[in-house]
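**Student:** Got a structure for you, questions after.
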Amino acid sequence: MLTSEKTISPSKEKTDSAREDGFLVSKTQGGDSRAFDDLIRKYHSRLYGLVYHMTSNHEDTNDLLQDVFSKAYRSINHFHGKSSFYTWIYRIAVNMTLNFIKKQRRQSYKSINDDDNPIENDPEFIAATKNKATQDPASLINNQELQKKLTQAMLKLSAQHRAVVTLFDIQGIPQAEIAKILKTTEGTIRSRLFYAHRQLQNYLQEFMLK
């Protein structure tokens, strides 16, 4: 009888990750700052993506991430494991970014550079761009315009709606986990996603007909 290869289930991978986090948190709380450096390395990329997709600005993202990790380090002794470290650090990042956006909401954003926007690294968009690479120049211009429009559309959403779209659609976090991060209900998350998706569709309607 043939035996199938052993695969690691997503739930086991998540459990192993949480166990590793718990070990590093415990060491950090015991005074080992190098353990916190390991946590930074583990979560930096994901949190960078989160903050950047919400702000669409590299400089702001770098500044905010420094503040996020600084606050997490100062508050680490208050982390008692009631939620996962993953949820806890994401909550800090989201809340600090939301506060930043609220402070900036009366200021107009800088014009968007085509080389500096969230959609440029999206796998589906990259694939679509490659498929159209051999078409006429007008289609390439349109792709660049779509990048710009997608970023502008995200920035038109409220901070709360931008957060749930970033967490769910871009980072692939389940609605139940988003509800924990934002300390709200799954029903509220579903409602925000529905409204945000409808708003994005309205903003991008001219491109959706193609």
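The values are calculated or read from the model by the stated rules, or taken from the named source; none is laboratory data. The structure displayed is predicted, hence computed values, not measured ones. All Cβ positions, even for glycine, are placed from backbone atoms using ideal geometry, and neighbour counts span all protein chains on display.
**Student:** Which of the residues that make up region 178-202 are assigned to a loop (DSSP other than H, G, I, E, B) and either surrounded by 15 or more Cβ atoms within 10 Å (Cβ to Cβ) or touching an Asp or Glu at 6+ places or on another chain (Cβ under 7 Å) (or both)?
**Tutor:** First, the residues of region 178-202 that are assigned to a loop (DSSP other than H, G, I, E, B): 183-185.
The answer is THR184, and nothing else.
**Student:** Which one is modelled with the highest pLDDT among residues in region 158-177 that are surrounded by 15 or more Cβ atoms within 10 Å (Cβ to Cβ), farther than 23 Å from LYS103 by Cα and of a type in the set (A, V, I, L, M)?
**Tutor:** That would be ILE173.
**Student:** Has region 179-188 got at least one residue that is hydrophobic (A, V, I, L, M, F, W, C), in contact with a Phe, Trp or Tyr (Cβ under 6 Å, 6 or more places away or on another chain) and either over 16 Å from TYR52 (Cβ atoms) or at pLDDT 85 or above (or both)? Steps first, answer last, please.
**Tutor:** Taking region 179-188 as the starting set, the residues that turn out to be hydrophobic (A, V, I, L, M, F, W, C) are 179, 181-182.
So of that shortlist, the ones also in contact with a Phe, Trp or Tyr (Cβ under 6 Å, 6 or more places away or on another chain) come out as 181.
If we keep only those that are either over 16 Å from TYR52 (Cβ atoms) or at pLDDT 85 or above (or both) too, we end up with 181.
Yes, some residue in region 179-188 is hydrophobic (A, V, I, L, M, F, W, C), in contact with a Phe, Trp or Tyr (Cβ under 6 Å, 6 or more places away or on another chain) and either over 16 Å from TYR52 (Cβ atoms) or at pLDDT 85 or above (or both).
**Student:** Could I ask something else about it? So GLN205 passes all but one of these: (1) exposed (fewer than 13 other Cβ atoms within 10 Å of the Cβ); (2) modelled with pLDDT of 90 or more. Which condition number does it fail?
**Tutor:** Unmet for GLN205, out of (1) exposed (fewer than 13 other Cβ atoms within 10 Å of the Cβ); (2) modelled with pLDDT of 90 or more: (2).
**Student:** Could you list all residues from region 52-76 that are surrounded by 18 or more Cβ atoms within 10 Å (Cβ to Cβ), in a helix (DSSP H, G or I) and modelled with pLDDT under 95?
**Tutor:** Listed by number, the residues that qualify are TYR52, HIS53, MET54, THR55.
**Student:** Examine region 93-106 for a residue that is modelled with pLDDT of 90 or more, in a helix (DSSP H, G or I) and either out of contact with any helix residue (DSSP H, G or I) (no Cβ under 7 Å at 6 or more places or on another chain) or among the charged types (D, E, K, R) (or both), and state whether such a residue exists.
**Tutor:** Of the residues in region 93-106, the ones modelled with pLDDT of 90 or more are 93-101.
When the remaining residues are screened for being in a helix (DSSP H, G or I), the result is 93-101.
Next cut, either out of contact with any helix residue (DSSP H, G or I) (no Cβ under 7 Å at 6 or more places or on another chain) or among the charged types (D, E, K, R) (or both) only: 95, 99.
Yes, region 93-106 contains a residue that is modelled with pLDDT of 90 or more, in a helix (DSSP H, G or I) and either out of contact with any helix residue (DSSP H, G or I) (no Cβ under 7 Å at 6 or more places or on another chain) or among the charged types (D, E, K, R) (or both).
**Student:** Out of ASP60, ASP67, I need the residue that is under 28 Å from ALA153 (Cβ atoms), more than 16 Å from the chain's Cα centre (by Cα) and not basic (Lys, Arg). Which one? Break it down into steps so the answer makes sense when it comes.
**Tutor:** Values: ASP60 fails: more than 16 Å from the chain's Cα centre (by Cα).
One residue alone meets the criteria, ASP67.
**Student:** Any idea which of GLY81, GLY49 is among the small types (Gly, Ala, Ser) and surrounded by 13 or more Cβ atoms within 10 Å (Cβ to Cβ)? Lay out the reasoning, then the answer.
**Tutor:** Details: GLY81 fails: surrounded by 13 or more Cβ atoms within 10 Å (Cβ to Cβ).
Within the list GLY81, GLY49, the selection yields GLY49.
**Student:** Could you check, for region 17-32, whether at least one of its residues is of a type in the set (Lys, Arg), modelled with pLDDT under 95 and either more than 24 Å from THR166 (Cβ to Cβ) or surrounded by fewer than 16 Cβ atoms within 10 Å (Cβ to Cβ) (or both)?
**Tutor:** Of all residues in region 17-32, those of a type in the set (Lys, Arg) come to 19, 27.
Then drop every residue that is not modelled with pLDDT under 95, which leaves 19.
This time we only want the ones that are either more than 24 Å from THR166 (Cβ to Cβ) or surrounded by fewer than 16 Cβ atoms within 10 Å (Cβ to Cβ) (or both), so: 19.
Checked region 17-32: at least one residue is of a type in the set (Lys, Arg), modelled with pLDDT under 95 and either more than 24 Å from THR166 (Cβ to Cβ) or surrounded by fewer than 16 Cβ atoms within 10 Å (Cβ to Cβ) (or both).
**Student:** Here's something else I'd like to know. Do you know which residues across region 37-46 are over 19 Å from ASP169 (Cα atoms) and either surrounded by 18 or more Cβ atoms within 10 Å (Cβ to Cβ) or in contact with a Cys (Cβ under 9 Å, 6 or more places away or on another chain) (or both)?
**Tutor:** LEU39
**Student:** Return the pairs, sorted by first residue and then second, in which the second residue is among the hydroxyl-bearing types (Ser, Thr, Tyr) and part of a loop (DSSP other than H, G, I, E, B), the first residue lies in region 13-34 and is on the phi < 0 side of the Ramachandran plot and in contact (Cβ under 8 Å) with a residue 12 or more places away in the chain, the beta carbons are less than 9 Å apart, and the residues are 6+ apart or on different chains.
**Tutor:** SER17/SER84; ALA18/SER84; ASP21/SER84; GLY22/SER84
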